[in-house]
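Below is one structure, written out as structure tokens; comments come after it.
The values are calculated or read from the model by the stated rules, or taken from the named source; none is laboratory data. Since this is a predicted model, take the numbers as computed values, not measurements. Note that we place each Cβ from the backbone using ideal geometry, even for glycine, and neighbour counts take in every protein chain shown. Ligands, DNA and RNA are stripped out before the accessible areas are found, and what is left, the full protein with its side chains, is counted by its heavy atoms. Shrake-Rupley method; radii C 1.70, N 1.55, O 1.52, S 1.80 Å.
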Amino acid sequence: MSKIALRNVWFQFHKWIGLLLAVLIIPLSLSGAVLVWDEAVDHVLNPARYATTGTTTLDPQRYVAAARAALKHGERIASLALPGGDGPVQVTAITPPDLGRRGPPQRTTVYLDPPTAKILATGSSARGVLRVLHNLHGNLLVPGGGRQIVGWIGVAMLVSCVSGLWLWWPTVGRWARGLRWRRHRNTDTNLHHLFGFWIALPLFVLSLTGVWISFPQVFAGGGAPRGAGGPGSGGGGRPVALERPTLVLDAVLARAGRVAPGAISRVDWPTDRKPEWKVLLGEAKSVTVDDVTGRARPARAERETLARTMRRLHDGTRMGFVWQLLVFLGGILPAVLAVTGIIMWWRARGWKAQLKTRQRARAVA
């Protein structure tokens with residue numbers, strides 16, 4: 001196949017991927033861009049949750065007692081998070097899924113004022129703008145097979161990145177010529193060429209990690225994803241907080257404090273999968289307390305799995321501002337590329353129609 005013919009093949013792939021999937025790529029990418037800054041967005045959407053009166057904290061048991069009063073019957077406390085500076089105390093509870101229903105347990109977070117233990121607000125994982133954006137980005141609001149649809153869109157985006165770079169590469173002269181702004185007389189075409197080049201590599205990484213998240217069983221070597229379970233296994237195999245732990249919170253904190261003294265930042269309740277408490281002190285030290293025996297010991301450092309690394313690369317969690325900015329641009333620019341691509345295609349159709357009209361006129365003459 002000649003270079004011109006191969007270029008035309010890549011062009012057709014690139015064009016039709018953009019045209020056919022634009023209506024899906026735009027909401028998928030824009031929702032991902034917003035979710036990079038989900039905490040900041042939550043501050044804007046729900047200011048009452050963060051309307052604290054100070055930073056002084058009380059006995060953790062007081063926050064748990066206050067939160068229980070706001071929880072519904074059947075909700076189980078799963079964690080307590082104390083702020084390191086400004087911000088509310090957060091008590092998170094879960095509602096175990098009904099038998100036979102798959103999916104994660106629903107979560108309710110109670111936000112409390114640190115100096116007073118007053119309830120500021122409550123939030124549910126099943127409602128809210130951010131929840132809608134998470135579902136839109138994760139499964140396009142399509143229950144069941146939505147995640148697989150998103151995964152195949154990610155595969156198409158991988159092909160689009162490769163084909164776009166091929167088409168960007170100048171056919172004549174050095175590759176640096178491709179960095180020029182005036183490669184075409186139309187602004188939208190110049191934007192498409194330039195933005196496409198600079199976002200190609202980050203977008204390739206985001207697409208690859210998105211495919212990994214959508215098809216974990218493929219990258220795990222086949223079979224069901226690790227941790228998947230059948231009906232009644234706690235929400236598709238996800239751990240569920242125990243309804244009535246053996247130990248009370250005060251006893252857990254006392255035992256953890258004897259092993260590693262320090263300011264408590266988070267407590268995770270024991271689960272049906274692992275009946276032990278986990279107490280985080282500061283940002284580094286953590287202690288586990290067995291819920292049955294009461295034995296406390298320093299927690300073993302858990303190695304991050306490749307799947308977790310892929311997810312952090314995809315959403316920018318703990319990846320630093322520069323990568324988060326690239327993830328944000330990786331959400332904004334695909335929408336720009338989709339729009340400019342449609343404009344370029346529509347204009348080309350007009351040119352072709354004019355050319356055919358001239359050819360017919362010449363044939364008649």
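Computed about the Cα centre, the dipole magnitude for the chain is approximately 2040 debye when only Lys and Arg (+1) and Asp and Glu (-1) carry charge, each at its Cβ. Applying 0.36 nm per residue to the separation of residue 194 and residue 122 and subtracting their alpha-carbon distance, the gain on full extension is 21.4 nm.
Dividing the C-alpha radius of gyration of the range 68-148 by 2.2 N^0.38 Å, with N its residue count, gives 1.28.
Once the C-beta distance of residue 274 and residue 50 is scaled by a Förster radius of 35 Å, the resulting FRET efficiency is 0.65 to the nearest 0.05.
Diffusion of the range 293-351 by Stokes-Einstein, at 25 °C in a medium of 0.890 mPa s and with Rh set to the Kirkwood radius over alpha-carbon pairs, works out to 159 µm²/s. Summary of the geometry: the range 47-81 and the range 129-173, compared by the centres of their Cα atoms, lie 39 Å apart. Here the simple spin-label model places points 7 Å from the Cα toward Cβ, and for residue 62 and residue 166 these points are separated by 6.6 nm.
Rg/Rh, computed from the Cα trace of the range 48-91 with Rh as the Kirkwood radius, has the value 0.97. Under 23 Å of direct C-alpha separation, and excluding same-chain neighbours fewer than eight residues apart, residue 356 reaches these lysines: 15.
In summary, the lysines within cross-link reach of residue 72, defined as a Cα separation below 29 angstrom excluding same-chain residues under 8 places away, comprise 118, 274, 278. Close amide-amide hydrogen proximity is noted between residue 106 and 95, each under 5 Å apart and 5 or more residues distant or on a separate chain (H modeled in the peptide plane; Pro and chain starts excluded). Backbone amide hydrogens, once placed in the peptide plane, bring residue 276 within less than 5 Å of 271, 291, excluding anything fewer than 5 places away on its chain.
A Förster radius of 25 Å combined with the Cβ-Cβ distance from residue 40 to residue 132 puts the calculated FRET efficiency at roughly 0.90. In the range 235-365, the portion of solvent-accessible area held by carbon and sulfur atoms comes to 58 percent [1.4 Å probe, whole percent, DNA, RNA and ligands not counted]. Excluding ligands, DNA and RNA, the accessible surface per residue across the range 1-48 is 61 Å² with a 1.4 Å probe.
Only Cα sites of the chain enter the Debye sum here, all with the same form factor; the resulting log10 I(q)/I(0) across q = 0.06, 0.07, 0.14 1/Å is -0.33, -0.44, -1.24, listed in q order. Each residue of the range 74-86 was assigned a 3J(HN,Hα) from its phi angle through the Karplus curve 6.51 cos²θ - 1.76 cosθ + 1.60 (θ = phi - 60°); the sequence is x, 6, 10, 5, 10, 7, 10, 10, 9, x, x, x, 5 Hz, with glycine and proline shown as x.
Net charge in the neighbourhood of residue 345 (other residues with Cβ under 13 Å of its Cβ; Lys, Arg +1, Asp, Glu -1) is +3.
log10 I(q)/I(0), Debye, Cα-only the range 1-138, no solvent, q = 0.20 Å⁻¹? For the requested q values the scattering log ratios are -1.18.
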